[in-house]
1. Which residues, taken from the stretch 147-184, are within 25 Å of the chain's Cα centre (by Cα) and at negative phi?
2. Taking Val10 as the residue in question, decide whether it is buried (at least 16 other Cβ atoms within 10 Å of the Cβ), touching a residue at least 24 places away in the same chain (Cβ under 8 Å) and either part of a loop (DSSP other than H, G, I, E, B) or in contact with a strand residue (DSSP E or B) (Cβ under 7 Å, 6 or more places away or on another chain) (or both).
3. Among the residues that make up the stretch 15-29, is at least one of them surrounded by 21 or more Cβ atoms within 10 Å (Cβ to Cβ), under 21 Å from the mean Cα position of the chain (by Cα) and not in a strand (DSSP E or B)?
4. Is it fair to say Val191 is surrounded by 15 or more Cβ atoms within 10 Å (Cβ to Cβ), within 24 Å of the chain's Cα centre (by Cα) and over 30 Å from Ala13 (Cα atoms)?
5. Return the residues of the stretch 51-110 that are within 21 Å of Pro40 (Cα to Cα) and of a type in the set (Ser, Thr, Tyr); say none if nothing qualifies.
6. Residues in the stretch 66-87 that are at pLDDT 85 or above and surrounded by 15 or more Cβ atoms within 10 Å (Cβ to Cβ): how many?
7. Return the residue satisfying two criteria in turn: it lies in the stretch 57-103 and is without any contact (Cβ under 8 Å) to a residue 12 or more places away in the chain and small (Gly, Ala, Ser), and of such residues it is nearest to Gln119 (Cα to Cα).
8. May I ask you to list pairs of residues, at least six apart or on different chains, whose Cβ atoms are under 8 Å apart, with the first in the stretch 148-164 being small (Gly, Ala, Ser) and the second being assigned to a loop (DSSP other than H, G, I, E, B) and at pLDDT 90 or above?
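The values are calculated or read from the model by the stated rules, or taken from the named source; none is laboratory data. Note that the coordinates shown come from a computational prediction; the quantities given were computed from them, not determined experimentally. We place every Cβ from the backbone using ideal geometry, glycine too, and count neighbours over all the protein chains shown.
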Amino acid sequence: MHVVDDDASVRGALARLLDGRGWSVFAHASAESFVSSHDPEAHGCIVLDVAMPGLDGLALQQLLARNGELMPIIFLTGCADVPMCAGAMREGAIDFLTKPVDEEVLLAAVERGLERDFQRRSARERQHTAEERLSTLTPREREVLTHVMEGRLNKQIAADLGTAEKTVKVHRARAMEKMHVRSVAELVRLVERGRPDGSA
């Protein structure tokens, strides 16, 4: 959990609030400080001020997005306007809150941010697992599995590929073993969930 705000009193109050709820909190006086010290693989979310000297909150959001980083952002600002809010939300912000912020509203936004972080990272892990297993297949095994996922029978696959049905059975068995699945349904779930837009 990160708090990024150049106002020391606000930064301290936010850190105490979040720490009091049991979250590990890292407080940063600037966006540059956050960039130089945070771990992109760490779980959590960012409570981020908008107006800061140097790299401001919106610029930090864009930088993280370009780098493919997943950590969700909750914006805090004392001077919001509609275009600013709309732009931040369009880029994936969890919420855009004004100072002084209601504690319960902020805490609810943080909970949503942490849930989104968990879901995104879980999806990325599923994608990595699927890609890793698919990479162990031979071109022919991958070809056979593509037909299997389309619901085709072994003899139909054999006819399509111009090979013997028993050969298809061997490729299919080996591919299923490498994918660590026992049924076509499991195979489809693994591959579908392994896609970047795969659902849980």
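1. Met179, Val181
2. So Val10 fails the test.
3. No, the stretch 15-29 contains no residue that is surrounded by 21 or more Cβ atoms within 10 Å (Cβ to Cβ), under 21 Å from the mean Cα position of the chain (by Cα) and not in a strand (DSSP E or B).
4. For Val191, the condition - surrounded by 15 or more Cβ atoms within 10 Å (Cβ to Cβ), within 24 Å of the chain's Cα centre (by Cα) and over 30 Å from Ala13 (Cα atoms) - is met.
5. Those that are within 21 Å of Pro40 (Cα to Cα) and of a type in the set (Ser, Thr, Tyr): none in the stretch 51-110.
6. 7
7. Gly68
8. What qualifies is Ala158/Ala164.
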